[in-house]
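What follows is one structure encoded as structure tokens, with my remarks underneath.
The values are calculated or read from the model by the stated rules, or taken from the named source; none is laboratory data. Fair warning: this is a prediction, and the values are worked out from it, not measured in the lab. Note that we place each Cβ from the backbone using ideal geometry, even for glycine, and neighbour counts take in every protein chain shown.
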Amino acid sequence: MAGRQAKLLTPHALRHLLAYAARSRAPVRDRVMVLLSAKAGLRAGEIAKLTWQMVLDANGRVAECIALSDRAAKYGSGRTVPIHPDLRHALRQLRKECGAEGPVIRSLRGGALQPNSVVNWFVTACAEVGLDGCSSHSGRRTFITRAARTANLVGGSLRDVQLLAGHRSIETTQRYIEADTDAQRRLIRRI
């Protein structure tokens, strides 16, 4: 897929990925992977490097936010990302199943899942459910696009989306955002 951006995940496509995860050998872990991508905007490498210490609060419960450390983030761009309710529920299930030490996403053998393994899981999942042009980055692009489209509705801005994405430059964030021709038409009608 060199030179092209990963396609966005429609709500229907996201449901298909979650259904695929539910049928996998590690359904709870795989659900968390999909949601970390689509509901928290994490990159494959960040998903692989995420530890329970970054997800739990001082009392050992799933926190309100992911405190992604600099060492886990691309270019050392650690950040804080609020946890979506669906992701929080899935993380609680995974914590009960696997404990709360070390990496959140583990291989079937128990060690940390490597970033390439996360990428490969998404390649296989997308192919299995017929999502042409989708990849591990599709969830991230979807997250960033949806956040950009709704930021103004909650008093936010594109700068907030940039910070959630962990981008150094607002121009990078803008390249992730998919245009919506229907929204453009509605906008023109209001001018």
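Residues considered: H137, H167. Of these, the only one that is surrounded by 12 or more Cβ atoms within 10 Å (Cβ to Cβ) and either at pLDDT 95 or above or assigned to a helix (DSSP H, G or I) (or both) is H137.
This table checks each residue for (1) outside any helix (DSSP H, G or I); (2) modelled with pLDDT of 95 or more; (3) under 22 Å from G166 (Cβ atoms).
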site: D30; (1), (2), (3): no, yes, no
site: A48; (1), (2), (3): no, yes, yes
site: Q53; (1), (2), (3): no, yes, yes
site: A67; (1), (2), (3): yes, yes, yes
site: L87; (1), (2), (3): no, yes, yes
site: A90; (1), (2), (3): no, yes, yes
site: Q93; (1), (2), (3): no, yes, no
site: A100; (1), (2), (3): yes, no, no
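Only residues that are touching a strand residue (DSSP E or B) at 6+ places or on another chain (Cβ under 9 Å) and outside any loop (DSSP other than H, G, I, E, B) were counted across region 110-134, and they come to 1.
Regarding region 12-24, can at least one residue be identified that is farther than 27 Å from R149 by Cα, crowded, with 20+ Cβ neighbours inside 10 Å and within 15 Å of the chain's Cα centre (by Cα)? Checking region 12-24: at least one residue is farther than 27 Å from R149 by Cα, crowded, with 20+ Cβ neighbours inside 10 Å and within 15 Å of the chain's Cα centre (by Cα). Screening V81, V161 for residues that are closer than 25 Å to V28 by Cα and either assigned to a helix (DSSP H, G or I) or within 17 Å of the chain's Cα centre (by Cα) (or both) leaves exactly one candidate, V81.
Conditions tested, residue by residue: (1) farther than 26 Å from A179 by Cβ; (2) in contact with a Cys (Cβ under 8 Å, 6 or more places away or on another chain).
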site	(1), (2)
R4	no, no
L9	no, yes
H12	no, no
R15	no, no
A21	yes, no
V32	yes, no
L36	no, no
K39	no, no
G45	yes, no
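Assessment of region 128-135 against the conditions (free of Cβ contacts under 8 Å to residues at least 24 places away in the same chain and of a type in the set (A, V, I, L, M)) yields no matching residue. As a summary of the residue check, D70 satisfies the conditions (1) within 25 Å of P11 (Cα to Cα); (2) in contact with a Ser or Thr (Cβ under 8 Å, 6 or more places away or on another chain); (3) among the charged types (D, E, K, R) except for the one numbered (1).
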